[in-house]
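Novice: Below is one structure. I have some questions about it.
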Amino acid sequence: AAGVVDGVARALRRADAVRRLEVRANADTPEDAARARRFGAQGIGLCRTEHMFLGDRRKLVEEMILARTDAERDRALAALMPLQREDFTRILEAMDGLPVTIRLLDPPLHEFLPDHTELAVRIASAEARGDLPDAHDVALLTAVNRMHEENPMLGLRGVRLGLVVPGLVAMQVRAIGEAVARRVLAGGDPRAEIMVPLVGDVRELRIVREEVQRVLGEVSETSGVALACPVGTMIELPRAALTAGRIAEEAEFFSFGTNDLTQTTWGFSRDDVEAEFFSAYLDKGVFPSSPFETLDREGVGRLVGIAVAEGRATRPGLKIGVCGEHGGDPDSVHFFHAAGLDYVSCSPFRVPVARLEAGRAALETADVSDSR
Ligand code: PEP
Ligand code: MG
């Protein structure tokens with residue numbers, strides 16, 4: 001077994017020596033970050049902040065959503081901020097000296113709310129007992145009903161959430177800024193980058209970016225630490241890829257979200273890949289395997305190519321990565337190398353495979369030019 005381990009270590013060293021693609025990991029806890037580092041990740045390419053709003057923090061999120069006045073909402077956000085600051089401080093500490101791309105809150109807001117049926121049943125059974133239903137339950141049900149969407153994945157998500165919920169972006173950015181300042185004051189080397197999800201138009205990014213700069217400016221002033229976090233965007237909608245030249249005016253980096261980009265390019269729900277029809281469809285041989293696993297070069301890949309070319313036409317040298325599941329898929333890694341990306345980001349466990357494949361992709365490209 002020792003021989004195999006040595007062999008793998010040797011192969012990884014060789015791959016690292018030749019590969020051009022940087023390999024980062026998707027991680028959102030300090031534990032995952034540390035694991036990613038052990039597997040050789042050169043940073044975090046995607047820190048999803050949504051899990052940080054679950055568990056005991058759900059109550060605060062409910063308060064934020066139910067707030068009837070700005071003051072009530074601000075109170076809930078103010079309570080969430082130090083918790084987020086602690087999350088970011090610990091992740092930045094685990095990844096000291098390496099980039100950590102923190103993505104602003106993305107998922108549909110209804111995911112944080114209690115289940116509609118559960119609430120309705122609770123209220124109905126209180127009424128059946130002749131009791132007054134719990135006022136909090138009634139308020140929640142009203143909010144859940146008000147926010148109902150037929151297709152939440154095509155609705156209040158990503159940057160739209162940040163635009164629609166006042167104070168949300170500011171809260172997260174303040175937490176990031178203060179975490180960075182704390183790490184700097186503690187003698188660390190924090191490299192936070194701020195990433196905006198589900199952008200489809202440059203104006204969305206411009207609005208959020210102005211807010212980010214404003215808040216970072218405030219934190220710089222109060223902390224005495226000059227903060228300059230790069231602000232970039234996910235490219236995960238066809239419209240973002242097609243207008244990447246404009247979006248690059250406001251983005252210091254791009255990261256392809258190939259999960260959503262595949263979903264929106266094909267019009268297949270990424271949440272229904274287990275549905276019976278999907279495997280029956282794939283069995284027809286239209287596409288060799290699920291496009292959610294192997295990058296669809298003709299469609300999604302073409303959008304990637306357009307976005308790379310247009311983004312760099314606006315901003316030469318624009319840093320571009322990928323953080324969808326495809327970032328750790330061997331075949332897709334070869335595609336991203338050829339497409340001129342700077343990095344792939346994948347689950348910590350896939351980091352070694354991505355390193356090897358990035359090395360192989362670099363050697364294969366060199367072979368082709370050698371034989372010319
Ligand atoms: C993606 O869409 O590819 C992505 C990385 O974001 P998420 O999976 O969190 O939507
Ligand atoms: Mg996405």
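FYI, it's all coordinate maths here, none of it is from the lab. Because the structure is a prediction, the values reported are computed rather than measured. Ideal geometry is used to build each Cβ from the backbone, glycine not excepted, and the neighbour counts take in all protein chains shown.
Novice: Pairs needed: first member in the range 241-270, within 14 Å of ligand 2 (Cβ to nearest atom); second member anywhere, of a type in the set (K, R); C-beta distance under 8 Å; at least 6 residues apart or different chains.
Specialist: F254/K319; N259/R270; D260/R270; T262/R270; Q263/R270
Quick grid of which residues meet (1) away from ligand 1 (no atom under 16 Å from the Cβ); (2) polar (S, T, N, Q):
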{"position": "E221", "(1), (2)": "yes, no"}
{"position": "L242", "(1), (2)": "yes, no"}
{"position": "E252", "(1), (2)": "yes, no"}
{"position": "G257", "(1), (2)": "no, no"}
{"position": "T262", "(1), (2)": "no, yes"}
{"position": "S279", "(1), (2)": "yes, yes"}
{"position": "G299", "(1), (2)": "no, no"}
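Novice: Go through E293, E357 for me and flag whichever is within 29 Å of F278 (Cα to Cα), surrounded by 21 or more Cβ atoms within 10 Å (Cβ to Cβ) and touching an Asp or Glu at 6+ places or on another chain (Cβ under 9 Å).
Specialist: E357
Novice: Does G311 count as more than 16 Å from ligand 2 (Cβ to nearest atom), in contact with a strand residue (DSSP E or B) (Cβ under 8 Å, 6 or more places away or on another chain) and more than 14 Å from L237 (Cα to Cα)?
Specialist: Details: more than 16 Å from ligand 2 (Cβ to nearest atom): yes; in contact with a strand residue (DSSP E or B) (Cβ under 8 Å, 6 or more places away or on another chain): yes; more than 14 Å from L237 (Cα to Cα): yes.
When the stated conditions are applied, G311 passes them.
Novice: Sort out which residues of the range 50-67 are farther than 15 Å from V165 by Cβ and within 16 Å of ligand 2 (Cβ to nearest atom), and write them in order of number.
Specialist: Residues of the range 50-67 that are farther than 15 Å from V165 by Cβ, as a first pass: 51-52, 54-59.
Scanning the range 50-67 gives a single hit, H51.
Novice: How about the range 1-44: which of its residues are within 14 Å of F88 (Cα to Cα) and not in a loop (DSSP other than H, G, I, E, B)?
Specialist: Correct list: P30, E31, D32, A33, A34, I44.
Novice: Would you confirm whether or not the range 344-355 contains a residue that is more than 16 Å from ligand 2 (Cβ to nearest atom), of a type in the set (S, T, N, Q) and touching a Lys or Arg at 6+ places or on another chain (Cβ under 8 Å)?
Specialist: No, every residue in the range 344-355 fails to be more than 16 Å from ligand 2 (Cβ to nearest atom), of a type in the set (S, T, N, Q) and touching a Lys or Arg at 6+ places or on another chain (Cβ under 8 Å).
Novice: Look at the range 169-218 and say how many of its residues are surrounded by 17 or more Cβ atoms within 10 Å (Cβ to Cβ) and in contact with a Gly (Cβ under 6 Å, 6 or more places away or on another chain).
Specialist: Total satisfying the criteria: 6.
Novice: Let me ask something else. From E250, E236, grab the single residue that is within 19 Å of E193 (Cβ to Cβ), in contact with a Pro (Cβ under 8 Å, 6 or more places away or on another chain) and buried (at least 16 other Cβ atoms within 10 Å of the Cβ).
Specialist: Values: E250 fails: in contact with a Pro (Cβ under 8 Å, 6 or more places away or on another chain).
After applying the criteria, what remains is E236.
Novice: A further question follows. Counting only residues that are closer than 28 Å to R37 by Cβ, give me the helices (runs of 4 or more DSSP H) lying completely in the range 232-349 with at least 1 of them.
Specialist: Details: elements: 238-242, 244-247, 258-266, 276-283, 300-314, 330-338.
Output list reads 258-266, 300-314, 330-338.
Novice: Is it true that some residue in the range 75-95 is buried (at least 20 other Cβ atoms within 10 Å of the Cβ), in a loop (DSSP other than H, G, I, E, B) and not aliphatic (A, V, I, L, M)?
Specialist: Within the range 75-95, none of the residues are buried (at least 20 other Cβ atoms within 10 Å of the Cβ), in a loop (DSSP other than H, G, I, E, B) and not aliphatic (A, V, I, L, M).
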